[in-house]
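The values are calculated or read from the model by the stated rules, or taken from the named source; none is laboratory data. Every value quoted in this text rests on a predicted model; they were computed, and no experiment measured them. Methodologically, a virtual Cβ is constructed for each residue, glycine included, from the backbone with ideal geometry; neighbour enumeration extends over all protein chains shown. Side chains are part of the model used for accessible areas, which takes the heavy atoms of the whole protein and leaves out ligands, DNA and RNA. Shrake-Rupley method; radii C 1.70, N 1.55, O 1.52, S 1.80 Å.
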Amino acid sequence: MNTLLLILGKETNEFAKGNYNQSLFETAVETLSNRYKILTTIVEDGYKVPEEIAKFKQADAVIFQYPVYWFMMPSTLKRYLDDVYAYGEFFAFSGGEYGSGGLMKGKKFMLSTTWNAPIEVFNNKNPNSFFEGRSAEEVLLPMRKSQEYCGLEELPHFSCHNIVKNPQFESDKERYILHLTKVFLDFNPFRNADPQQVASISQ
């Protein structure tokens, strides 16, 4: 049985209670627990670095669930990465090309993010559009490259949009279950998978 590590990076405050991300996190646990061994971390509840490193070593894939704050991750999740992604455990200097020293090779990762930005502002060919035609995945490049630097390979990502002004949780939940089913249940992403085939399964 393969092992998944689900990390909840919500940051509860007066404006954002974290319920959307909490519920999506719980949806993933429920959807995947019959097929996979599930490990979990809720970052704002606290963590011990050696235990988190051990979870990553056990996991075949990691799902990060978090809200996008100012086009980045919450500060608590950034601190988690700073604390846990240790030299000699996640990466080392290989003497090869930059970015080739990842020590978590063979593992996968997926980002599940929530945005206040509406979906229409992404992949918008209008030269005056806010993200200048970029996709959500392109905006998330720093987080994606942080995982790649450690050797993890991408799975198709998931995102929910306009969740403050126009939340559609039940619809988003249904979409997420479908996404998880396609990526982790209908298809085995750990069995000699062709990266292009993996990328196409959620399209």
Q. Which ones in segment 119-156 are assigned to a loop (DSSP other than H, G, I, E, B), out of contact with any Lys or Arg (no Cβ under 8 Å at 6 or more places or on another chain) and open to solvent by 30 Å² or more (accessible area, probe 1.4 Å)?
A. N124, K125, N126, P127, N128, F130, E132, R134
Q.
With the structure loaded, tell me whether M104 is in a loop (DSSP other than H, G, I, E, B), modelled with pLDDT of 95 or more and open to solvent by less than 60 Å² (accessible area, probe 1.4 Å) or whether it fails that test.
A. yes
**Q.** Cβ-Cβ under 6 Å pairs, at least 6 apart or on other chains, segment 124-135 side without any contact (Cβ under 8 Å) to a residue 12 or more places away in the chain, far side charged (D, E, K, R)
**A.** G133/K125
Q) Which pairs have Cβ atoms under 8 Å, sit 6 or more apart or on different chains, and link a residue in segment 68-83 that is within 15 Å of Q147 (Cα to Cα) to one that is aromatic (F, W, Y) and part of a loop (DSSP other than H, G, I, E, B)? A) Y80/Y47; D83/Y47
(Q) Against the conditions (1) farther than 30 Å from P118 by Cβ; (2) aromatic (F, W, Y); (3) in contact with a Phe, Trp or Tyr (Cβ under 7 Å, 6 or more places away or on another chain), where does Y20 fall short? Just the number, please. (A) (1)
(Q) I want to confirm something. Restricting to segment 107-118 and keeping residues that are in a loop (DSSP other than H, G, I, E, B) and either in contact with a strand residue (DSSP E or B) (Cβ under 8 Å, 6 or more places away or on another chain) or in contact (Cβ under 8 Å) with a residue 60 or more places away in the chain (or both), which single residue is surrounded by the fewest Cβ atoms within 10 Å (Cβ to Cβ)? (A) W115
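Quick check on segment 107-140: of everything there that is of a type in the set (G, A, S) and modelled with pLDDT under 95, which residue is farthest from D60 (Cα to Cα)?
Per the criteria, the residue is S129.
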Q) From the residues in segment 12-43 that are touching a Lys or Arg at 6+ places or on another chain (Cβ under 9 Å), crowded, with 16+ Cβ neighbours inside 10 Å and not hydroxyl-bearing (S, T, Y), which one is farthest from F184 (Cα to Cα)? A) A16
Q.
Taking the criterion of being among the basic types (K, R), within 27 Å of R175 (Cα to Cα) and modelled with pLDDT under 95, would at least one residue in segment 36-54 satisfy it?
A. no
